[in-house]
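Here's the structure, in structure tokens; my notes come after.
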Amino acid sequence: MISTLEADELNRSLQDKVISPAKARGVTNRFILEHLRDGFCAGKPNYALVQTEPVWIVPILFAGPDQAPQEAGEVIVQALAGEIIGFTPVAEVMRHARAAVA
């Protein structure tokens, strides 16, 4: 585990190399289009360090009929390369979506 001082220094050194939140959201929306169905979209990305790995954690939102969007899962996008390195399993996302409309 790194200290907060080391994390701050790492963040400063990566500042110009990290993909934008819009790019992370686009990567997540592509994942949603390929693996889920209508009613899902990417939410607002949150930047984080996982150990020393810079990532965007992007919520997967689900909006049922006449409902406000609710979080059903998340996608973790590596913040330098823009590649997906983790996500909530699709079956679990679908389970959360079904519970939201029940």
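If the condition is being open to solvent by 50 Å² or more (accessible area, probe 1.4 Å) and either of a type in the set (A, V, I, L, M) or closer than 16 Å to Met94 by Cα (or both), then the range 30-57 contributes Leu33, Glu34, His35, Arg37, Asp38, Cys41, Val50. Here Ile2 fulfils each of the conditions (1) loosely packed, with under 14 Cβ neighbours inside 10 Å; (2) without any contact (Cβ under 8 Å) to a residue 40 or more places away in the chain apart from (2). Of all residue pairs spaced 6 or more apart or on separate chains, those with beta-carbon atoms under 9 Å, a first member in the range 40-55 that is in contact (Cβ under 8 Å) with a residue 40 or more places away in the chain and a second member that is among the basic types (Lys, Arg) are Pro54/Lys17. Considering only residues in the range 19-74 that are touching a His at 6+ places or on another chain (Cβ under 8 Å) and of a type in the set (Gly, Ala, Ser), the one that is nearest to Ile2 (Cα to Cα) turns out to be Gly73. Scanning the range 58-83 for residues that are touching a residue at least 40 places away in the same chain (Cβ under 8 Å) and buried (at least 16 other Cβ atoms within 10 Å of the Cβ) yields a total of 3.
The values are calculated or read from the model by the stated rules, or taken from the named source; none is laboratory data. Computed from a predicted model, the values in this text were never measured in an experiment. Cβ atoms come from the backbone with ideal geometry, glycine included; neighbour counts cover every protein chain shown. We work out accessible area using only protein heavy atoms, side chains counted, and drop any ligands, DNA or RNA first. Shrake-Rupley method; radii C 1.70, N 1.55, O 1.52, S 1.80 Å.
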